[in-house]
Amino acid sequence: MNLTSSSSEQVDEPEPVVEEPEVEEPEQSSTSSSSEEPVVEEPVVEEPEQADELDIAEDEHVLSARMENARNEARRRIGINPRGRAADLRDESVLESYIQIRDDSHPLSWAIWGYGDSKNAISVHASGSEIDNFDAIHSNVPHEPIYIYFKYRFGDTMRAKFIFVTYVPDELGPLTKSRILGHRPAVEEFTKYQQITWHINDIEDFRESILNDKLLAAGGANYSVQDSNKGNFSQYKKNTKEFYSDKEKTGNLTDIAFDQGPLTTTPCDISGRPSVAAPSSFQGNTSNDFKASK
């Protein structure tokens, strides 16, 4: 045997595989590094808003259209050509004063319309913006037939009430009075929108206290008539009970004498009436006084 050749041969063993560890790359930070330039945001220059100006312009346009509609409506109520002795309201100053009083944005609050030297044509005698000022109206009232149209603030809410007044002095002749009273329906139809229609013959009756009473009456039930009882319902009930107790004492009947008896009867002859009872039973049920009378 050849031992040398067998021993000289070497067997190649496989080299072990060494796995290299994976080197993880560092994650990039979401924040910019110091090397990056900072981003500077430019300020936003806002343009001036024109919304307020547009709203004001739109409101003025709507108000203008509304007043123009009211003017056309009132002009239709005036009529084109009044005939004969009818009231003539074609003066544009009358129409404009009426429209301005109706307009909350306009300062005009009252107007006096009169005849001047005419018998039918009505024009503006005086006007003013002193709202709720009766003295201002009084000082401008002439001693002749006039119409007053004015705005009046009333109530807790101070809402505007429109008042139409006809003033015809008592000293005028019957023909003049009848002519003015004949014109009043046409003027009242022209104004149309009013809470109170008031006719007076004495200008001293044109007082604020009377107007307030008329407005309260026109408004229906007045739950604030007793100012001392506002917000105190128990006191209101007490006062009401005392009032009706006193009223009952004066309204009840007294010294009434009632018949205490004995009960008296008045006999009457009912023999002629039909009866279901026998004659003998019928006679037995009658009183002795009745029998004696027979």
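Derivation of every value follows stated rules applied to the coordinates shown; laboratory data play no part. From a predicted model like this one, the values you see are computed outputs, not experimental measurements. Every residue, glycine as well, gets a Cβ built from its backbone with ideal geometry; the counts of neighbours run over all protein chains shown.
For the set 151/192; 119/177; 214/241; 119/161; 161/237, the pairs lying more than 21 angstrom apart at their alpha carbons are 214/241; 119/161; 161/237. The stretch between residue 200 and residue 91 holds 36.8 nm of extra length on full extension. This uses 0.36 nm per residue minus the Cα-Cα distance. Under 1.5 on a/c is rounded, so check that first for segment 87-153, then, if it is not, pick prolate when a/b is larger than b/c and oblate when it is not; a ≥ b ≥ c are the square roots of the alpha carbon gyration tensor eigenvalues. Oblate is the answer for segment 87-153, as a/c is 1.5 or above yet b/c matches or exceeds a/b. Near residue 179, once Lys and Arg are set to +1 and Asp and Glu to -1 for all other residues with Cβ below 9 Å from its Cβ, the sum equals +3. For segment 80-163, the residue among 146, 87, 97 whose Cα projects farthest onto the positive side of the dipole built from Cβ charges is 87.
With a simple spin-label model that places each label point 7 Å from the Cα along the Cα-to-Cβ direction, the separation between residue 138 and residue 175 comes to 3.5 nm. Positive contributions from Lys and Arg (+1) and negative ones from Asp and Glu (-1), summed over other residues with Cβ under 13 Å from the Cβ of residue 198, come out at -1.
Computed extension gain for residue 255 through residue 241, at 0.36 nm per residue and net of the alpha carbon distance, reaches 2.5 nm.
Counted over segment 127-215 with a bin width of 10 Å, the fraction of Cα pairs per bin, in whole percents, is 15, 49, 31, 5, 0. Taking only alpha carbon atoms, segment 68-225 gives an Rg to Rh ratio of 0.96, where Rh is the Kirkwood radius.
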